[in-house]
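Accompanying notes for the structure given below.
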Amino acid sequence: MMGRWMLSLFVLVFLVGGCHRNVEPFDPDEQVVEPDLSAIFPEGVERSNAPRADARALMPMGGRRAAAVTVPPVTGQVLLAPELAGRVPKGAVLFLIARSGDSERPVAVKRIPAPEFPLAFELNSEDRMPHAMPFVGPFQLTARVDADGEAATQVGDLQGAAQGTHSPGATGVTILIDEIL
């Protein structure tokens, strides 16, 4: 199968761009020789066929989600301010959002339908958005109760944030929802 693919690629390159090299006919008995990579990897530079541990989370796995490097989750609870207790509509969705640095772009988002407070949460590398993004903190954590279940913020949604920033492995994080948008 690989030989057929290589032949198809050769024909495509030859037809599209021509070939300036004197290419000999295919010889199925030809010995495969490892290329000399000394120009790319000079003496003393470490080479490894194994991918780096931090790169494994970014590698696609047959069209599926990236294989996650074991990174501990951020855990804690989401509380609702007592004065907002009657403002959570039936069918609401809680969005738990982690942002890294000064970025407004989320690193991870967890969608929790029909939340009941207090709510214990765990935010981990499976919640990354996009899934190729590394789950690396520190994170600013926010929670938003959304009346229509859509990700877009609307007037009347409820929101709150955790104090400070939190890295993967943080436990006991408290997010207090205390604001009406």
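The values are calculated or read from the model by the stated rules, or taken from the named source; none is laboratory data. Keep in mind it's a predicted model, so treat the numbers as computed, not measured. Neighbour counts run over all protein chains shown; Cβ positions are idealised from the backbone, glycine included.
Descriptive notes on the structure:
To keep it simple, each residue is scored yes or no on (1) in a loop (DSSP other than H, G, I, E, B); (2) crowded, with 16+ Cβ neighbours inside 10 Å; (3) at pLDDT below 90.
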{"site": "PRO72", "(1), (2), (3)": "yes, no, no"}
{"site": "GLY86", "(1), (2), (3)": "no, no, yes"}
{"site": "ASP102", "(1), (2), (3)": "yes, no, yes"}
{"site": "GLU116", "(1), (2), (3)": "yes, no, no"}
{"site": "PRO130", "(1), (2), (3)": "yes, no, yes"}
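- For segment 158-174, a tally of residues being hydrophobic (A, V, I, L, M, F, W, C), under 23 Å from the mean Cα position of the chain (by Cα) and farther than 15 Å from ASN124 by Cα returns 2.
- If you go through segment 151-161 and keep only what is surrounded by fewer than 16 Cβ atoms within 10 Å (Cβ to Cβ) and in contact (Cβ under 8 Å) with a residue 12 or more places away in the chain, you end up with ALA151, THR153, GLN154, VAL155, GLY156.
- Any hit, segment 145-165, residues being on the phi > 0 side of the Ramachandran plot, at pLDDT 90 or above, assigned to a loop (DSSP other than H, G, I, E, B) and assigned by TED's automatic domain parsing to the domain that holds LEU79: yes
- Leading residue by the ranking (nearest to the chain's Cα centre (by Cα)) among those in segment 127-157 that are of a type outside the set (Asp, Glu) and over 18 Å from PRO106 (Cβ atoms): ALA147
- Some residue of segment 135-142 being buried (at least 16 other Cβ atoms within 10 Å of the Cβ) and touching a helix residue (DSSP H, G or I) at 6+ places or on another chain (Cβ under 6 Å): yes
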